[in-house]
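Working notes for the structure below.
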Amino acid sequence: MQKWRRFVKIKVHDFEEQTKSEMDAKRDALKGNPIAATSYNFVGDILTCSQCSQTFIHKFGYCSHQRAHARADHPSLPANN
Ligand SMILES: [Zn+2]
């Protein structure tokens with residue numbers, strides 16, 4: 001086997017092993033995160049904020065509103081949490 005071919009084979013193997021280990025670490029980190037739990041407060045059939053009684057049509061708006069309350073209560077939380 002030529003010298004350059006052996007060199008390329010070894011480097012490609014090293015790259016693949018490094019990439020696999022990085023992907024495994026990333027997957028393990030993601031699996032370690034707790035699943036985001038959201039509880040919805042339905043009053044009758046209407047989604048309603050328990051803190052300020054604002055009503056919502058969509059769950060997304062409700063979740064966003066709850067994050068806004070969490071940011072107001074704990075200003076240290078990141079804005080995109
Ligand atoms: Zn509210």
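No lab work stands behind these numbers, since they all come straight from the coordinates. If you're wondering where the values come from, they're calculated on a predicted model, not measured in any experiment. So basically every Cβ, Gly included, is an ideal-geometry build from the backbone, and we count neighbours across all protein chains shown.
Note on the chain: helix-only mean residue ellipticity at 222 nm, from DSSP H runs of 4+ residues weighted -39500 (n - 2.57) and normalised by residue number, equals -19500 deg cm²/dmol.
The equivalent ellipsoid that matches the C-alpha gyration tensor of segment 8-54 spans semi-axes of 50, 9, 7 angstrom, in descending order. Straight-line cross-link reach from LYS31 at under 28 Å between alpha-carbon atoms covers these lysines, not counting any fewer than eight positions away in the same chain: LYS20, LYS59. Ordering of 48-56, 13-21, 62-70 by packing is 62-70, 48-56, 13-21, highest average first (other Cβ atoms within 10 Å, averaged per residue). With K and R counted +1 and D and E -1, the other residues having a Cβ less than 14 Å from that of GLN18 yield a net charge of -2.
Relative to the dominant Cα principal axis of the chain, helix 3-32 is inclined by about 20°.
For the chain, find the longest principal axis of its Cα atoms and tell me its angle to the long axis of helix 59-73, 0 to 90°, nearest 10. The angle comes out near 90 degrees.
By the Kirkwood approach, averaging reciprocal distances over each pair of separate Cα atoms, the chain gets a hydrodynamic radius of 17.2 Å.
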